Structures are given as structure tokens and as C-alpha cells.
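The values are calculated or read from the model by the stated rules, or taken from the named source; none is laboratory data. Note that this is a predicted model, so its numbers are computed, not measured. For neighbour counting, all protein chains shown are included, and Cβ atoms are generated from backbone atoms with ideal geometry for every residue, glycine included. What goes into the accessible areas is simple: the full protein's heavy atoms, side chains included, and nothing from ligands, DNA or RNA. Shrake-Rupley method; radii C 1.70, N 1.55, O 1.52, S 1.80 Å.
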Amino acid sequence: MACMHASIAIATLLGCLQPGIFAPPATCVAGEACTGAQTSCDSGKQYFYHLSGTDGIGAQIYPKLVLKAYCADPIRNCVYVHKPMVSAHHNYNGDPNYESFAEQFINLHHNAPLISELAPSCSPQRKFVKSQAAYFTPEVLSDFRYGYQTHAARQSEKLTSASDMNCVLYLRRGDMGPPSSSRLTNAEAIDIFQKLKTRYPNCKLHVISQGEWEGGTPGGHEDEHEDAAKVWAGADKRTLLRSAEETFADIAAHDPSIQLLLDRDVWSVFHAMATADVLVLDASTFPILAAMFNSNTVVYNAIHSSRIGFPYGDYDQFVLP
């Protein structure tokens with residue numbers, strides 16, 4: 001699809017950034033043991049890492065992207081050091097390799113040392129940097145996208161075809177339940193699709209979402225990787241208010257050509273968003289993270305900023321202008 005900077009009724013569309021050419025990824029893979037000599041450090045630079053908690057993939061990795069972008073500017077005289085995730089939410093299959101696969105799939109370790117590779121003299125420090133659009137220069141985004149495109153891991157299935165023009169709308173449901181004022185409703189989704197169809201008549205329309213859970217976010221002892229995997233295994237099916245198909249029946253009835261991609265493999269969903277010709281974001285850091293790797297068109301402000309509240313009060317900090 002051709003690059004464009006244009007406005008439509010629902011949002012401003014971001015233009016395209018072409019991936020650049022960078023050095024190949026390091027031989028050590030995040031989430032796996034690394035061997036060999038430790039990396040020496042420049043005594044004139046500071047080495048920063050972001051410490052993840054036990055949140056979702058988007059909420060954990062986006063702050064790492066921000067810090068990596070922050071240190072990409074030579075004037076800051078710092079080096080981003082990657083510290084892999086230990087435990088993450090939304091592991092519906094109870095996969096013991098969920099976090100390590102995420103590390104390899106997103107490949108944030110590209111062009112960055114692992115904390116386990118550093119010599120003790122490097123003294124890496126924990127740092128949190130508040131997101132600013134100015135950090136995400138075309139060069140930084142191009143580097144992120146090259147790293148993602150050259151990852152070794154692959155998703156289990158392709159949800160969209162590269163031969164089609166794909167318009168993908170993500171709707172945040174699942175453990176958040178029915179949409180609050182901070183998130184897009186089905187009626188708003190239908191309106192967005194109508195506008196997209198008018199602007200992009202050849203676009204194949206897709207909804208990515210889940211059923212709505214009655215019980216909310218699963219609780220439990222999530223300080224250990226194994227416990228988190230047990231808590232989230234099967235959580236997407238245990239306490240549904242109704243079937244996912246029933247939840248989005250009005251969208252399907254309005255336009256049967258819209259493909260409902262419901263409760264699909266998390267990495268296949270992520271890749272469909274990262275490669276969409278047009279991606280529309282709901283209030284969630286998961287699609288926002290995928291948008292950082294998308295060099296096409298992203299509708300980032302379909303929800304008016306006045307509606308964004310808890311738990312997405314800082315949503316405007318996670319997007320590009």
C-alpha cells in the first residue's frame with residue numbers, strides 16, 4: 001500500500017516508514033542461555049535496563065522499547081541493556097516457553113546486549129523512561145522493525161494473506177469484560193469499518209478479539225513463572241459471559257464479509273497487527289506494541305482522549321503523533 005499522511009473522520013493516519021539496513025542480530029538469543037566472553041563496557045557510558053513485572057506482553061515490552069529508543073540518541077550517552085521477561089499474563093495454553101518465545105519473536109535483543117552478557121564492571125542500572133514521541137525517530141523505528149522482521153521464531157498460523165489489503169481492528173475484551181467508556185464498542189467498530197470501507201474499498205476487514213470474561217483478571221501467586229502459567233492456562237474459556245461469536249454477532253450481521261478472528265494464537269494475532277495495511281487500535285498496550293513494528297497505516301486515536309481513564313490513563317503516551 002502506498003504511504004500516506006491523510007485524515008479521515010475517525011482518526012489521523014500515520015504514514016509509512018521503510019525498514020532500514022542494520023547489523024545482524026547478536027548470536028545470543030534472549031530467553032536462552034548464552035555462552036562465550038562477556039561484553040566489555042565503555043566507562044564513559046551508562047548502561048540501563050528496564051525491569052519487567054508480571055503484566056501482559058505489551059505492558060512489559062513497551063517500556064523496554066521506550067528505553068531503547070531513549071538511549072538510541074548519542075547525546076544521552078547511554079546504552080540499552082536487555083533484561084528478558086520472567087513471567088507474563090495471557091499464557092492461555094500454559095506454555096512453559098511462553099516468555100522465551102515472546103523474547104525471540106519480538107527480538108528486542110536485536111542490536112542490544114543482554115544483561116547476562118555484560119561484565120560486572122558495566123554496573124547496569126534499572127531505569128524507567130516516560131514515553132515521548134520524539135524518541136521514536138524514523139531511524140529508531142526502522143531498527144525496531146528490522147529486528148522484528150528478522151526474528152528466528154515464527155507464529156503458528158497466518159491469519160491474513162500478504163496478497164490482500166488487510167484492515168485490522170483490535171477490540172480489547174477478555175479479562176476486561178464488556179467495553180467500558182475507555183474502549184471501543186461494537187457499534188463504534190461497525191462505524192469504523194464503514195469509514196474504512198469507504199476509504200479503502202479493496203480492504204479485507206478483520207476483527208481481532210476475545211470473548212468477554214465474567215471473572216476479570218485471574219488472581220493467584222504470580223511471583224513465580226510456573227504459578228503464572230498455571231493461573232492463566234485456560235483462563236480465556238473458564239468464565240465467558242457468552243460465546244465469543246455471540247459477543248460479536250452484531251458486527252457479523254452488519255457485514256458478513258468481516259472476518260472475526262476470535263481467541264486465536266497470540267503470536268499469530270500479533271503478527272497480523274504488525275503487518276496490517278491499516279491497523280486500528282483499541283485501548284491496550286498489546287496492539288500498541290504491535291503498531292510499533294507496523295510500517296504501514298495506524299489509526300491510533302479512534303478513541304477520543306477525553307474517554308481514556310483507568311486503567312488506560314496514560315494511553316496517549318504509548319502512541320505516535
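Identify all residues within the range 242-262 that are part of a loop (DSSP other than H, G, I, E, B) and surrounded by fewer than 19 Cβ atoms within 10 Å (Cβ to Cβ); write none if there are none. First the steps, then the outcome.
First, pick out the residues of the range 242-262 that are part of a loop (DSSP other than H, G, I, E, B): 242-243, 248, 255-258.
Scanning the range 242-262 gives Arg242, Ser243, Asp255, Pro256, Ser257.
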From the option list Asp277, Asp236, Asp250, Asp227, single residue qualifying as acidic (Asp, Glu) and over 29 Å from Lys204 (Cβ atoms) is Asp227
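Name the single residue, out of those in the range 228-241 being outside any helix (DSSP H, G or I) and on the phi < 0 side of the Ramachandran plot, that is nearest to the chain's Cα centre (by Cα).
Start the filter on the range 228-241 by keeping residues that are outside any helix (DSSP H, G or I), which leaves 233-234, 239-241.
Filter once more, keeping what is on the phi < 0 side of the Ramachandran plot: 233, 239-241.
Numbers: Ala233: 21, Thr239: 25, Leu240: 24, Leu241: 26 Å.
The residue in question is Ala233.
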Selected residue (only one of Ile251, Ile308 is touching a helix residue (DSSP H, G or I) at 6+ places or on another chain (Cβ under 9 Å), more than 25 Å from Tyr98 (Cα to Cα), at pLDDT below 90 and of a type outside the set (Lys, Arg)) | Ile308
Top-ranked residue in the range 160-183 [being of a type in the set (A, V, I, L, M, F, W, C) and surrounded by fewer than 22 Cβ atoms within 10 Å (Cβ to Cβ); ranked as nearest to the chain's Cα centre (by Cα)] = Met176
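Condition first: within 21 Å of Asp236 (Cα to Cα), touching a residue at least 60 places away in the same chain (Cβ under 8 Å) and in contact with a helix residue (DSSP H, G or I) (Cβ under 9 Å, 6 or more places away or on another chain). Can you find one or more residues in the range 148-156 that meet it? Walk me through how you get there before you give the answer.
Step one: list which residues in the range 148-156 are within 21 Å of Asp236 (Cα to Cα), which gives 155-156.
Now narrow it down to the ones that are touching a residue at least 60 places away in the same chain (Cβ under 8 Å): 155-156.
After this cut, where a residue has to be in contact with a helix residue (DSSP H, G or I) (Cβ under 9 Å, 6 or more places away or on another chain) as well, the list is 155-156.
Yes: one or more hits.
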When the range 39-88 is examined, which residues are found to be of a type in the set (A, V, I, L, M), within 17 Å of Pro124 (Cα to Cα) and open to solvent by 40 Å² or more (accessible area, probe 1.4 Å)?
-> Leu51, Ala72
For residues in the range 211-233 being open to solvent by 30 Å² or more (accessible area, probe 1.4 Å) and modelled with pLDDT of 85 or more, which is farthest from Pro178 (Cα to Cα)?
-> Ala233
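Return a yes/no flag: does the range 116-127 have any residue that is touching a Pro at 6+ places or on another chain (Cβ under 8 Å), under 20 Å from Asp55 (Cβ atoms), modelled with pLDDT of 95 or more and part of a loop (DSSP other than H, G, I, E, B).
In the first step, residues of the range 116-127 are kept if they are touching a Pro at 6+ places or on another chain (Cβ under 8 Å); the result is 118.
Filter once more, so that each one left must be under 20 Å from Asp55 (Cβ atoms): none.
Checking the range 116-127: not a single residue is touching a Pro at 6+ places or on another chain (Cβ under 8 Å), under 20 Å from Asp55 (Cβ atoms), modelled with pLDDT of 95 or more and part of a loop (DSSP other than H, G, I, E, B).
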If you go through the range 24-39 one residue at a time, do you hit one that is at pLDDT below 50 and acidic (Asp, Glu)?
-> yes
